[in-house]
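Just so it is clear, none of the values below were taken in a lab; they were calculated from the coordinates. Quick caveat: nothing in here was measured; it's all calculated off a predicted structure. As a convention, Cβ positions derive from the backbone with ideal geometry for all residues, glycine included, and neighbour counts pool all protein chains shown.
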Amino acid sequence: MKSAEIENLHTAWPWRAIHTAGSAAPLVVSAWEYGSGEREIWHAHQEAQMIYVTRGVLRVSTPAGIWTLPPFHGIWLPPTVLHELQAVGAVAVRSALIAPEASLAVQEWKQCRVLRVGPLLDALVGTLTGPIDEADPRSELVVSLFLLELSKAQTALTSGALPLPHDRRLRMICEQLLADPQNNDTIELWSERVGASVRTLARLFREETGLSFGQWRQQLRLVEAMTRLALGIPVSTIAVELGYQSSSAFISMFRKVLGDTPQRYLRRFEDTRDALAT
C-alpha cells in the first residue's frame, strides 16, 4: 500500500498491514499519540482512511472544510483527499487505511463524513493494532467484523464542522477570520478589502458554504469554543477571545445553537467520553 504522492506528503508512523486469507487487499492500521499543538502537514493516501480520537481533540482540515473531533468521534476520508491533522492538547489517535475493494458498502462513501465510534468498533481497531497472528483464522473474522461495523457506524450529528469556500475572495476572508476569530468586522468592510460587492459576497457565502457570512463566523466561533472548552479554558476567557462583549452573550449563543450551556455541554462531553472508554 502506498500513499499518494501529493505535495508535503509525510509519513510519521509505522503502519501495520493486515493480510488475511480471504482478503486480497490488506487493511492497514495504526495507533499513535500527538503532543499538544503538533501538526501532520498536508498529505493524502491512495486508500480511504478512517481516523478517530480516543483522547483529546483533533482538528482535521481538508480543502472543503475543517472538522473538530472529540473522543470516540472519527472522520471518513475518501481516497486521495488532501488533509492536515492538528492536535488540540495531548491526543491519542487510531486509524485504518482501507483499499476501495475491501468493502462494497464503504465504496459508496464519496464525501467526508463524521462517524461515532462505538465500543465494538474501537475494540476491533485496538485488536488489529495489537499482537495478532495473521495465520489464525480468527484474524480474518476480526477484519470482516471491523469492515461490517465500520459500514454500520452512525454518522455523528456534530457542530464541529466548518465548511470552507473555494472562491479566492471568500478564502481570503475566511483565512483571516480563522487566524483571528474575535474579529467583528462587517461584511461591508470585507467587501471593500477584497474588491467585491456586499451582494456578491453574501451570495457566494450561501452558495459555497450553505451559510450566510454571519452564520459562518458564528460557526467558526462555536468550533473554536468547543476546542477551548476541551482544553479547560474558562468560559469568561473564551468569550473575550472570541469577540463577545460578555460571558452571557457567549453563553446565549452557545445554548441557542447546541441546546446546552458550555458547562453542561462539557459535562455531557466528559460523561460520553468516560462511558465509551470503560
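The value obtained for the stretch 84-206, namely the Cα convex hull volume divided by the number of residues, is 156 Å³ per residue. Shown is the FRET efficiency for residue 38 and residue 179, computed with R0 = 22 Å from the Cβ-Cβ distance and rounded to the nearest 0.05: 0.70. P(r) tail, the stretch 22-122: Cα-Cα pairs separated by more than 15 Å, 60% of all pairs.
Taking every C-alpha pair closer than 8 Å and separated by at least 6 residues, the mean separation divided by the residue count of the stretch 16-152 gives a relative contact order of 29 percent. By other beta-carbon atoms within 10 Å, ranking 138, 116, 206 with the fewest at the front produces 138, 206, 116.
The residues packed around residue 233, meaning those with a beta-carbon under 11 Å from its beta-carbon, carry a net charge of -1 if Lys and Arg are +1 and Asp and Glu are -1. Just to verify a number: FRET efficiency for residue 218 and residue 145, C-beta to C-beta distance, R0 = 35 Å, to 0.05? Computed FRET efficiency for residue 218 and residue 145: 0.30.
Please give the Cα centre distance for the stretch 108-154 versus the stretch 160-229, rounded to the nearest Å. If we compute the Cα centre of each part, the gap is 37 Å. The calculated FRET efficiency for residue 90 paired with residue 266, based on their beta-carbon distance and R0 = 25 Å, is about 0.90. Sorting the segments 232-245, 68-81 by their residues' average number of neighbouring beta-carbon atoms within 10 angstrom, most packed first, yields 68-81, 232-245. With Rh defined as the Kirkwood radius, the inverse of the mean 1/r over Cα pairs, the Rg/Rh of the stretch 165-274 is 1.03.
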